[in-house]
1. Every residue in segment 106-130 that is within 11 Å of Leu82 (Cβ to Cβ) and among the aliphatic types (A, V, I, L, M), please.
2. If only one of Ile17, Ile67 is in a helix (DSSP H, G or I) and in contact with a Ser or Thr (Cβ under 8 Å, 6 or more places away or on another chain), which one is it?
3. Could you check Asp33 against (1) farther than 17 Å from Glu121 by Cα; (2) crowded, with 16+ Cβ neighbours inside 10 Å; (3) touching a Pro at 6+ places or on another chain (Cβ under 7 Å) and say which number it fails?
4. From the list Leu21, Leu59, pick out the single residue that is surrounded by 17 or more Cβ atoms within 10 Å (Cβ to Cβ) and touching a residue at least 60 places away in the same chain (Cβ under 8 Å).
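Since every read-out is calculated from the coordinates, none of them should be taken as a lab result. Computed from a prediction, not measured in an experiment: that's the story for all the values here. Because the Cβ atoms are built from the backbone with ideal geometry, glycine has one as well, and the counts that use them run over all protein chains shown.
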Amino acid sequence: MSLPELKHLSIAGLLAIHKDLRRRYGGRSSEVDMIKLELVMIASERMIRDPHWKRRARLAAKYAWRILKGRPFAEGNARVALAALVTFLEMNHFPWHASEVEETVMVQEAAAGHLSEAAWEKWVLSKMGKQQWGKDYSG
């Protein structure tokens, strides 16, 4: 059974996520460095060509990681990073099994530089569950 076509995040989608999060949680600045945001997208998607589910899951981790490290938004990069990760997973019908507390801790740890990209990716993969499309894709 082949995987469904991969749906990607867009710059417009990330801007909408940022706007929604600012509306919900507040924030003083709506400023966005569009060059940094474009680099986030390019750097994230450049590495994904394999249809295997883990490669797709790694794209979710990359989107978030690149937002956390590239800091394209004047405020709210951690919130946008997590929302982008979860949105991408939902768009592509991947399960996500992390509590809000765990998500908050991991995003703060990553943003503060206490996690490597490999550790971040490993955590994301561990929270995706093992069942997808009726098969076990944990391997």
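1. Listed by number, the residues that qualify are Met106, Val107, Ala110, Ala111, Val124.
2. Ile17
3. Every condition holds for Asp33 apart from (2).
4. Answer to the selection: Leu21.
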